[in-house]
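Note sheet for the following structure.
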Amino acid sequence: MTEPSLIDAAADEAVTLTSELLRIDTTNTGDPTTLVGERAAAEFVAEKLTEVGYDIEYVESGGKDRHNVIARLAGADRSRGALLVHGHLDVVPADPSEWSVHPFSGAIEDGYVWGRGAVDMKDMVGMTLALARHYKRHGIVPPRDLIFAFLADEEAGGKFGAQWLVDHRPELFEGATEAISEVGGFSITLRDNVRAYLIETAEKGIRWMKLRVRGTAGHGSMIHRDNAVTKLSEAVAKLGNHQFPIVLTDSVREFLAGVTEITGWDFPEDDLEGSVAKLGNISRMIGATLRDTANPTMLTAGYKSNVIPSTAEAAVDCRILPGRIEAFDKELAELLGPDIEREWMELPPVETTFDGALVDAMSAAVLAEDPGARTLPYMLSGGTDAKSFQRLGIRNFGFAPLQLPADLDFSALFHGVDERVPVDALKFGTRVLDRFFRTS
């Protein structure tokens, strides 16, 4: 067992490293002309790993300043499947004028570490990096190989990160059979201060779709029956107002059954959305896993107010439940009809079961630090780099453990204003991950 004083030092370093990472602007707009890139953060991570003796793979993936860092720590049993621990270095944009502190300050104030990426996901990167350094410094050998991967471009689908590495450098993940990453292991407080830690076992598929309508260009003062903007607006309104059917997946059923067991709350299928609202702030995330969604996000048309344009385009963020892609496509075609052109970038759903030795090790690590708690599976409404790694046959979980205050609206912090992570939660998570790495 690791001496408490040593793991406490690693937990303190996790806070420091998270703050330092948050000071590095790695904004990913998805647009090569405006993004910052991950290079500075990758160099920081590479230096911290080589400083303690790791041999690293520093991989440039083709785009400007798009860099990835991979290191492997040999385990006691090299014949066992390796555990991949991956985190992304990029963050979504932030407008400093909207924040209480500068989003790239890494400020440690009021018991929190503040900054864009604090929960998505430089907190996990900080905890992972601190433990990787801790193990190397003190000669700690885990039961099996640990592959630490610090990746680019997750916020735009991983074209220069996980996708690229799986396509071009799969040997870096040789032997990996299971993986953990972001948006799981965090606590929600149910009744009587009973906490449940949600481990992600599934995530919806992503389809970032562009709709395009063509019409007849002309002068804005005349009558136009073939106006591309009008036709697109009607299609977007129809799609944005549409409700896809409720479909209960195994992950969601198991989550709701666990909550019922803890709280006694019922989740009747004839009022599922209403009853899910009882979950409080987390209900937004859970509610989004009850059905497919298609949310219009951007409109583009025209170049002058008195010119009818010949084309109009809209961006739509579609999230699709496991097993629903074929049905989603059929429903979409019926809604939009044949005249709306569609093109998209798609990443598949991910789903595994909540069982096995790895799940047992996660639960045991959490309960050792919070004995009265429960662990439950859940589905993430968003997406992660797990979508790429599943192509290598790797079983994926979200497990970035954090013990959170009961009144913290955690789901609102993802891509939100004043993103922050509690200092105590980072220290808790580091201790949990240490137990997990040494027993999984």
Matching residues in segment 273-315 - criterion: being farther than 26 Å from Leu376 by Cα, under 27 Å from the mean Cα position of the chain (by Cα) and of a type in the set (A, V, I, L, M, F, W, C)
Ala294, Met298, Leu299, Ala314, Ala315
Starting from segment 282-296, keep only residues that are at negative phi, then list their pairs with residues that are charged (D, E, K, R) and in a helix (DSSP H, G or I) whose Cβ atoms are within a distance under 7 Å, requiring at least 6 positions of separation or different chains.
Gly287/Glu273; Leu290/Glu273
Candidates Val59, Val119, filtered to the one that is among the hydrophobic types (A, V, I, L, M, F, W, C), out of contact with any Cys (no Cβ under 7 Å at 6 or more places or on another chain), surrounded by 18 or more Cβ atoms within 10 Å (Cβ to Cβ) and outside any loop (DSSP other than H, G, I, E, B):
Val59
Among the residues of segment 118-135, is any of a type in the set (Lys, Arg) and either more than 15 Å from Thr16 (Cα to Cα) or not assigned by TED's automatic domain parsing to the domain that holds Val85 (or both)?
no
Members of segment 365-385 found to be in contact with a Ser or Thr (Cβ under 9 Å, 6 or more places away or on another chain) and more than 24 Å from Ile206 (Cα to Cα), listed by number
Ala365, Val366, Leu367, Asp370, Ala373, Arg374, Thr375
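If I ask for residues that are without any contact (Cβ under 8 Å) to a residue 12 or more places away in the chain and touching a strand residue (DSSP E or B) at 6+ places or on another chain (Cβ under 8 Å), which ones from segment 357-374 would you list? First the steps, then the outcome.
Going through segment 357-374, the residues without any contact (Cβ under 8 Å) to a residue 12 or more places away in the chain turn out to be 360, 367, 371.
Scanning segment 357-374 gives a single hit, Leu367.
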What is the residue count in segment 256-279 for residues that are of a type in the set (Asp, Glu) and in a loop (DSSP other than H, G, I, E, B)?
1
Is at least one residue of segment 126-134 under 15 Å from Gly416 (Cβ atoms), surrounded by fewer than 24 Cβ atoms within 10 Å (Cβ to Cβ), touching a residue at least 12 places away in the same chain (Cβ under 8 Å) and out of contact with any Cys (no Cβ under 9 Å at 6 or more places or on another chain)?
no
Within segment 294-304, is there a residue that is out of contact with any strand residue (DSSP E or B) (no Cβ under 9 Å at 6 or more places or on another chain) and not assigned by TED's automatic domain parsing to the domain that holds Leu84?
yes
Leading residue by the ranking (nearest to the chain's Cα centre (by Cα)) among those in segment 316-329 that are surrounded by fewer than 16 Cβ atoms within 10 Å (Cβ to Cβ) and not in a helix (DSSP H, G or I):
Asp317
Picking from Gly175, Gly111, Gly139, the residue that is farther than 30 Å from Ala277 by Cα and touching a residue at least 24 places away in the same chain (Cβ under 8 Å) would be Gly175
Residues satisfying the stated conditions in segment 29-47, i.e. charged (D, E, K, R) and under 16 Å from His88 (Cα atoms):
Glu38, Arg39, Glu43
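Hey, among Gly75, Gly106, which residue is in contact (Cβ under 8 Å) with a residue 40 or more places away in the chain, at negative phi and either assigned to a helix (DSSP H, G or I) or not acidic (Asp, Glu) (or both)?
Gly75
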Condition test on Gly53, is it assigned to a loop (DSSP other than H, G, I, E, B), over 21 Å from the mean Cα position of the chain (by Cα) and closer than 30 Å to Gly139 by Cβ?
yes
Among residues of segment 256-279, those that are closer than 15 Å to Leu198 by Cβ and touching a residue at least 24 places away in the same chain (Cβ under 8 Å), counted
5
Within segment 295-309, is there a residue that is over 28 Å from Thr384 (Cβ atoms), of a type in the set (D, E, K, R), in contact with a helix residue (DSSP H, G or I) (Cβ under 9 Å, 6 or more places away or on another chain) and outside any strand (DSSP E or B)?
no
Would you mention how many residues in segment 174-198 are surrounded by fewer than 24 Cβ atoms within 10 Å (Cβ to Cβ) and either β-branched (Val, Ile, Thr) or not assigned by TED's automatic domain parsing to the domain that holds Ala373 (or both)?
4
Give the residues of segment 222-255 that are within 30 Å of Val194 (Cα to Cα), assigned to a helix (DSSP H, G or I) and touching a strand residue (DSSP E or B) at 6+ places or on another chain (Cβ under 9 Å), sorted by residue number.
Asp250, Ser251, Val252, Glu254, Phe255
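The values are calculated or read from the model by the stated rules, or taken from the named source; none is laboratory data. If you're wondering where the values come from, they're calculated on a predicted model, not measured in any experiment. Cβ coordinates were reconstructed from backbone atoms using ideal geometry, including for glycine residues, and neighbour counts include every protein chain displayed.
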